[in-house]
1. Among Ala173, Gly84, Pro100, whose Cα projects farthest towards the positive end of the dipole of segment 24-173, with charges put on the beta-carbon of Lys, Arg (+1) and Asp, Glu (-1)?
2. Can you give the FRET efficiency to the nearest 0.05 for Ala135 and Gln157, using r as the Cβ-Cβ distance and R₀ = 22 Å?
3. Tell me, what ³J(HN,Hα) does each residue in segment 79-85 have, in order and in whole Hz, if you take phi through Karplus 6.51 cos²θ - 1.76 cosθ + 1.60 with θ = phi - 60° and put x for Gly and Pro?
4. What is the angle, in °, between the Cα long axis of helix 2-20 and the longest principal axis of the Cα atoms in the chain? Nearest 10 is fine, range 0 to 90.
5. Determine the calculated [θ] at 222 nm for the chain from helices alone, applying -39500 (n - 2.57) to every DSSP H run no shorter than 4 residues and normalising by the residue count; nearest 500 deg cm²/dmol.
6. Under 37 °C and 0.692 mPa s, how fast does segment 24-173 diffuse according to Stokes-Einstein, given a Kirkwood radius computed over C-alpha pairs? Answer in µm²/s, whole number.
7. With point charges of +1 on the Cβ of Lys and Arg and -1 on the Cβ of Asp and Glu, referenced to the Cα centre of segment 24-173, which listed residue (Gln34, Val50, Gly159) lies farthest in the positive direction of the dipole?
8. Which whole-number percent gives the relative contact order of segment 24-173, counting Cα pairs below 8 Å spaced six or more residues apart?
Amino acid sequence: MKTLTAVAAAAAALLAACQTAPRADAPRATAQLQPTKGNKTFGEATFEQVGGKVRVVIFVQGLRPEQDHGLHIHEVGDCSSGDGMSAKDHFNPFGKAHGPQGGSDRHAGDLPALKANKEGRAKVDIEVDLITLTAGPGNIVGRGLIVHASPDDYRTQPGGNSGARIACGVIQAG
């Protein structure tokens, strides 16, 4: 009986892992972050649909060392203005208040801070709800990804008082 119970538990664990593990055919997207005018910040982002969430992995360089920097998905995938303002406001398809990642009240585009190390590099690796790479109101393909000069205070509406836009990229399928 113990063997049967162990086998059943192992099967349940494998089934659960299969439901959250990325599939080879899972939707994916990327963004190349380029510096806005007068800045040197750059990086890359990958997005992968994992069940009902999106795994977001972002590497950024050229940040102020040992500082936090705001990171957001914005409404429009347009970096043509030179200052990142053409990406418009935070992506907010559900009409929520601005807030920290993990909170129930936040924009879909509110991402965790980039925490720069002493070399000015940062990495975010997180699974995020409220966004998707598939059809629907939370779809981020074609939207902008913005790195800000200052930390996000997660209180000031609508943008978190995170300062100038120092890097901009467009989220593209593939």
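1. Of Ala173, Gly84, Pro100, it is Gly84.
2. So the FRET efficiency works out to roughly 0.15.
3. 10, 6, 6, x, 10, x, 5
4. It works out to around 30 degrees.
5. Helix contribution divided over all residues of the chain: -3500 deg cm²/dmol.
6. 221 µm²/s
7. Highest projection toward the positive end goes to Gln34.
8. 32 percent
The numbers here are math on the coordinates, done by the rules we state, and not lab data. Quantities reported herein were computed from a predicted structural model and do not represent experimental measurements. Neighbour counts run over all protein chains shown; Cβ positions are idealised from the backbone, glycine included.
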